[in-house]
1. Which numbered condition trips up D292, out of (1) of a type outside the set (A, V, I, L, M, F, W, C); (2) surrounded by fewer than 24 Cβ atoms within 10 Å (Cβ to Cβ); (3) farther than 28 Å from S13 by Cβ; (4) at pLDDT below 95?
2. Would you be able to say whether some residue in region 302-314 is over 23 Å from A150 (Cα atoms) and either open to solvent by 20 Å² or more (accessible area, probe 1.4 Å) or not in a loop (DSSP other than H, G, I, E, B) (or both)?
3. Would you pick out the residues in region 56-96 that are over 28 Å from R133 (Cα atoms) and open to solvent by less than 20 Å² (accessible area, probe 1.4 Å)?
4. Among the candidates R30, R53, single out the residue that is open to solvent by 50 Å² or more (accessible area, probe 1.4 Å), part of a helix (DSSP H, G or I) and either within 22 Å of W323 (Cα to Cα) or away from the ligand (no atom under 13 Å from the Cβ) (or both).
5. Can you name every residue in region 339-365 that is β-branched (V, I, T), more than 14 Å from Q279 (Cβ to Cβ) and either open to solvent by 60 Å² or more (accessible area, probe 1.4 Å) or touching a strand residue (DSSP E or B) at 6+ places or on another chain (Cβ under 7 Å) (or both)?
6. Counting only residues that are surrounded by fewer than 13 Cβ atoms within 10 Å (Cβ to Cβ) and more than 27 Å from the chain's Cα centre (by Cα), which one in region 33-50 is nearest to the ligand (Cβ to nearest atom)?
7. Does region 138-145 contain any residue that is open to solvent by less than 10 Å² (accessible area, probe 1.4 Å), in a loop (DSSP other than H, G, I, E, B) and more than 30 Å from Q234 (Cα to Cα)?
8. Of all the residues that make up region 388-405, how many are more than 11 Å from L307 (Cβ to Cβ) and exposed (fewer than 15 other Cβ atoms within 10 Å of the Cβ)?
Amino acid sequence: MSYRTYVQRCISSECRAEFDLDARLYVCARCGGLLDLERRGEVDSASLRELWRQRRASFDPRDRSGVWRFREFLPFTDDTQVVSLGEGNTPLYDAPRSADYCRLPQLKLKHQGCNPTGSFKDTGMTVAVTQARKLGARLVACASTGNTAASLAAYAARAELMCAIVVPSGNVSHAKLAQALDYGAKVFEVEGNFDTCMNLIRELAADESVYLVNSINPFRIEGQKTVAFELAEQLEWQMPDHLVVPGGNLGNSSAFGKGFRELFESGLIDRQPKITVVQAEGAAPFAKFYSDFAHEHFVNDEHPQTLASAIKIGAPVSWPKAWRAVQETGGTVITVTEQEIADAKAIIGRDGIGCEPASATTVAGIRKLKINENESVVAVLTGHLLKDTDYVIKYHSSNLIAPNGEKLESTFAQDLHDLQDLQDILKIM
Ligand SMILES: [Zn+2]
């Protein structure tokens, strides 16, 4: 169908060093920059679209996966034993109440929380753990705010690899911790924040038998980029004007950027959506970089603060790739407040769609962006409602306190009722 080869390449324009596909690297060995997997080879876009469509009716586990179905764009040979949980294939919902809230005629939500472990991480993890097994690693490891931990633990279990996870003590939701433990991971709690954990794990990865799968790992991004392919297919290859994603460690925006670029360069789509990244106001180093006119120095946030724990990250490792995605597509980077996140999350819920707080930054952001009503918008929800139920109960019982100690308004709360209320409601009906 299509001839292809891959190399790992440094993204720094001054360096561009090239490395073998199976060199065990996380960053460029010459300059320390981020690495991309670079694909070489031609495609016939019409026959590829047809092949991918046919695979939807197949029972081959690789064809059932929303990631491996697009394997012509993944850096593996056809005989690779993949580690899969049937990830991807997530719904693209129409969300009329959320659209109203954003003063738009239409809004679509791509719900990556409908993956096997309840977050977008699974689409990257299936590829990274497949590569770990190919390299003969004995132990896979990551630092995590929770979702990566749950995902890696599950895929490591499928691959029968040992799994070590470093999390910030007291900063991970119970649901996410429960997942990691149940899938058999060794979980290490560390005093400090996510960035402390990340530094620790990078030291650990110096050991040859350890394979690091945080989103700095370019194979993670390869898997996550297939979400752009799946979305394009769901929209019958007609791209929206805007794609809006939450911004934490910025792996998501990096992956969408790479996915859309490859689709465009291969003639599978005729334009790329503008990628907009939304950060929580208290954890917004990327938004600060964007609004600094010179765009010269990226300054980490030493004390990121937000209740949206999945994006409580002050030193996002993938920022140069995310920056490339925003620049190339003409997108933007904005922030939203804790109050805006909480209210947007409740509105998304009213559409019958449950997401975790970080995902709701998207709808909160779209409301702020004042998008022209002729323009089409897709927002990406990154995690499932059940990832953080404490937050939900606190919101609906008017008990949600922001990190700065301020009590948040429960604007769209549903109170818990007693039976007398039910009788009153029936009378009104
Ligand atoms: Zn380099």
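1. Every listed condition holds for D292 apart from (3).
2. yes
3. Scanning region 56-96 gives a single hit, A95.
4. When all the criteria are applied, what remains is R53.
5. I348, I353, V363
6. Restricting to residues being surrounded by fewer than 13 Cβ atoms within 10 Å (Cβ to Cβ) and more than 27 Å from the chain's Cα centre (by Cα), the top hit is G41.
7. yes
8. Residues meeting the conditions: 6.
The values are calculated or read from the model by the stated rules, or taken from the named source; none is laboratory data. Please read these numbers as outputs of a predicted model, since none were measured by experiment. All Cβ positions, glycine included, derive from the backbone under ideal geometry; neighbour counts span all protein chains shown. These accessible areas exclude ligands, DNA and RNA; they are computed on the full protein's heavy atoms, side chains included. Shrake-Rupley method; radii C 1.70, N 1.55, O 1.52, S 1.80 Å.
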